[in-house]
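Heads up, the thing below is written out as structure tokens.
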Amino acid sequence: MPQMNMIEAINSALDCVLASDRNVLIFGQDVGYFGGVFRATDGLQRKHGRDRVFDAPITEAGIVAAAVGMGAYGKRPVVEIQFADYIYPATDQLISEAARMRYRTGGEWWSPITVRSPYGGGIYGGQTHSQSPEGIFTHVAGLKTVIPSNPHDAKGLLIAAIEDDDPVLFFEPKRLYNGPFDGHHDRPVQSWAGHPASAVPAEHYRIELGKAKIARPGEALTMLAYGTMVHVALAAAQEAGVDVEVIDLRTLIPLDLQTITTSVEKTGRCIVVHEATRTCGFGAELAALVQEHCFYALEAPVMRVTGWDTPYPHAFEWEYFPGPARVARAIRQIIEV
Amino acid sequence: MMRALHNGLSLHVPEPWCRPGSKANFDAFDIPAAGSVARPPIEVEPFAIRELAYSLVRVIDEQGNATGDWDPCLTADVLKRGLRAMVLTRVYDNRMVRAQRQGKTSFYMKSTGEEAVAVAAAMALDRADMCFPTYRQQGLLVARDWPLLDMMNQVFSNSQDRLKGRQMPVFYSSREAGFFSISGNLGTQYSQAVGWAMAAALDRDPRIAAAWIGEGATAEGDFHHALTFASVYQAPVILNIVNNQWAISSFSGIAGGERTTFAARGVGFGLPSLRVDGNDFLAVYAATDWAAKRARAGHGPALIELFTYRAEGHSTSDDPGKYRPGSEAAAWPLGDPIERLKAHLIRRGDWDDTRHAEMLAEAEAHVRDVGKQSERLGTLRSGARPEVSSMFEDVFKNMPPHLRAQRDEMLR
Ligand SMILES: Cc1ncc(C[n+]2csc(CCOP(=O)(O)OP(=O)(O)O)c2C)c(N)n1
């Protein structure tokens, strides 16, 4: 099976759907000839044509609005927002338009669009190249939100997202593009080569949206994670020497509640981790769901380990990032309760 | 630059004049002779000067002479100050890129080839006028004699960084220098500048605002909000569009440059709109001076397209060889702003190669000294940093309890 890093897996997913569906087209800033600032669309314009993979003007509102219009015509646009931090100008088109199109028209119109965007920190991008805005969109009725944690999932989930008839936000953990980063920023950079999840079929396959995956089975506590934090959670579990069950949510909306509750019923303890700011983050929703559904199984309060409630500071990236030391500390703490 | 449309029933996707592997080619660019555009009185009706949005204000000709009635007739002293600020900006940029390559900071953005856009404008504006720049107008700070040490400290996020390590390199801010905080989100400053100018008008304040935006970012909504507000309220603001031909890998056609000029954007809003040779120090100075006098005299806003070329990569993260021929910068028909002003000064008899070499050496020595000084105060990777706990400050004026708790948790 071919070995791919996450960029190559995303590129392969886009290549597959461009080939399988004439209605799929890709546009965004610098995605055409150049192939995107992170190279996700490299070579796709040459292969599929300039009118199926092309550069867009620098207006995120315009990009998403055009996608909504193309979707209304019958196309299946996949757009790239260069950094998740730059999605905000498009929020009106996403929240007021794409998200509600099916509902407000009783199913007469819909928005089968996919918005891909790199998110998260770890590259010294400061406050405008590091944010994790997923919680803003999971709060909106009508938007699906997907966040992969490895090349194999990225390809299958992206194909499923594109083929889905509802609008999907597909946030790509940019710090995982080239390797499985576990938060140890001071250690040598790892590549995906040799990692089991870098074995990615060349052909078209889907991973159903709304299905979590157990990244590490365990008995002592449940840790809910997605994106980069899956790898941080795995490292922290090992470093704390505790038998943690790490669940990689993969899709935030729709959420695989069943896998979560089955695990927490078993372990009786739950920690939620994410890189996004804490207050009103997706972790708050997860914590609420766990206490609603597993209250009588819980032996300790649900804990959260997250980014702080500040903008992402350039020089203090690693003090901000909820790395393995912080997560391991939470593991030790919850185990003692 | 304008191309005929022959799409039939297909989607038109613009492509630039050349790509890597082909020869740089600017033949399609129509470059009017220096001095060929007349300078209207500052109180002119915008409608009467529509054609200025489609021509090109140029002063310095191919021989280095200043020609035509846009010549601002500056003294040799002023010109030498301008030349030095442009040279200093370029030397500073080069040193910061080297520091980035050595791992002393994360990122850098040069303004090479575009120094006149910022330096000449800063010199034509009053020191008290308020600038709303992009990340490529560091020349404003240099021309306003803002200490390079302060700029470097920001680039290194070191212990003396006035922004406390919070911003990416080059996202400067200086209230004292009249230099508004750089966002990172393109275009936001443009409409904010109009708001500042409206507020100044409310107070009958003689200060005006000036804003800059890249041609790529004119596609953002903020650009259009700015023109709307400027036009509706006749705000005393100068709206500059820096058309350096490229927005990362996207050529100006992706921002609409195939069909008309960027200056022409202003015509539809009833703004007096000038298209100016951005590599011509005298032309940039004269156009800014014209617009500033006009705004200060109560005749409202103006728009200026500065026609220039991004001579180097977008940033240290970029490799322009992947999307444009390497020979393009050398082939740029409007030359280099430093070389052109130098040639003009020599032509006037006010300068020579020896003095130029001396000035360059002096600028390099200065930048080297300040660089060492700044590095002693810390760099991103080593040495002193701002206080870590300070990352929780300034989220709000007063730190609320939940941030106090998080700060204590972090420091545990
Ligand atoms: C809202 C937003 N979208 C996208 C970006 C990413 N980005 C940074 S610079 C840039 C190109 C800007 O080009 P232009 O406006 O022409 O200015 P130049 O860099 O050429 O000076 C892009 C797309 C951003 N910073 N902000």
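Brief remarks on what is shown
- Each of B:His366, B:Ser249, A:Phe295 was placed along the dipole of the protein assembly as shown (beta-carbon charges, centred on the mean Cα), and the one lying farthest toward the positive end is B:His366.
- Inter-part distance where segment B:267-307 and segment A:244-283 are each reduced to a Cα centre, Å: 56
- The alpha-carbon atoms of segment B:1-129, seen along their principal axes, cover 52, 48, 33 angstrom, with the largest extent given first.
- Applying both filters, DSSP loop and at most 12 other Cβ atoms within 10 Å, to the GluC sites (Glu not before Pro) of segment A:63-115 gives A:Glu108.
- Net charge dipole, chain A: roughly 360 debye, given to the nearest 20, about the Cα centre with Cβ charges of +1 for Lys and Arg and -1 for Asp and Glu.
- Segment A:91-210, dipole about Cα centre (Lys/Arg Cβ +1, Asp/Glu Cβ -1), debye to the nearest 20: 200
- Restricting the calculation to Cα atoms, segment B:241-305 yields a radius of gyration followed by a Dmax of 13.0, 41 Å.
- At R0 = 41 Å, FRET efficiency that the Cβ-Cβ distance of B:Asp205 and B:Arg259 yields, to 0.05: 0.60
- Of all DSSP beta bridges confined to the protein assembly as shown, the antiparallel ones make up roughly 15%.
- Table column - 3J(HN,Hα) (Hz), segment A:188-193, Karplus curve with 6.51, -1.76, 1.60, x for Gly and Pro: x, 5, 9, 10, 6, 3
- Unit charges at the beta carbon, dipole of the protein assembly as shown: most positive-side option, B:Tyr233, A:Ile207, A:Pro118: A:Pro118
- Phi to ³J(HN,Hα) by Karplus 6.51 cos²θ - 1.76 cosθ + 1.60 over segment A:142-157, Hz, x for Gly, Pro: x, 10, 8, 10, 10, 9, x, 10, 7, x, 4, 5, 4, 5, x, 6
- Extension reserve of the B:Gln102-B:Ala357 stretch, reckoned as 0.36 nm per residue once the Cα distance is removed: 89.1 nm
- Which of B:Gly214, A:Phe181, A:Tyr88, positive extreme of dipole for the protein assembly as shown (C-beta unit charges): A:Phe181
- Other-chain or far-sequence residues with amide H under 5 Å of B:Trp212's (modelled H): B:Phe132, B:Thr134, B:Asn240
- Across every direction, the projection of the convex hull enclosing the Cα atoms of segment A:104-256 has a mean area of 10.6 nm².
- Those aspartates and glutamates that a straight Cα-Cα span of less than 19 Å connects to A:Lys266, excepting residues fewer than 8 apart in one chain: A:Glu219, A:Asp243, A:Glu245, A:Asp248, A:Asp256, A:Glu292, A:Glu299, A:Glu336
- Within chain B, antiparallel bridges make up roughly 15 percent of the DSSP beta bridges whose residues both belong there.
- Here is the P(r) of chain B: all C-alpha pair distances, binned every 20 Å from 0, give 26, 57, 16, 1 in whole percents.
- Segment B:203-242 shape via C-alpha gyration tensor axes, a/c threshold 1.5: oblate
- Projected-area mean, segment B:151-231, by convex hull of Cα positions, square nanometres: 6.1
- Accessible-area loss of 40 Å² or more (1.4 Å probe, protein heavy atoms, chain alone versus all protein chains) is found in segment A:297-337 for A:Trp308, A:Asp309, A:Thr310, A:His314, A:Ala315, A:Phe316, A:Glu319, A:Arg329.
- Contact order relative to length of segment A:1-146, as percent, for alpha carbon pairs under 8 angstrom and 6 or more apart: 19
- For the protein assembly as shown, the equivalent ellipsoid derived from the Cα gyration tensor has semi-axes of 48, 30, 24 Å, listed largest first.
- One way to sum up the overall shape of segment A:210-337 is the equivalent ellipsoid from its Cα gyration tensor, whose semi-axes run 22, 16, 14 Å, largest first.
- Full extension of the chain between B:Arg368 and B:Glu387 yields a length gain of 4.2 nm, computed as 0.36 nm times the residue separation minus the alpha carbon distance.
- Cα convex hull of segment A:263-337, projected area averaged across orientations, nm²: 5.0
- About the centre of its Cα atoms, the protein assembly as shown shows a dipole size close to 460 debye [charges on the beta carbon of Lys, Arg (+1) and Asp, Glu (-1) only; nearest 20 debye].
The values are calculated or read from the model by the stated rules, or taken from the named source; none is laboratory data. Remember, predicted model here, so these are calculated numbers, not experimental data. A quick note on method: Cβ atoms are made from the backbone with ideal geometry, for glycine too, and the neighbour counts reach across all protein chains shown. To get the accessible areas, we keep the full protein, side chains included, count just its heavy atoms, and leave off ligands, DNA and RNA. Shrake-Rupley method; radii C 1.70, N 1.55, O 1.52, S 1.80 Å.
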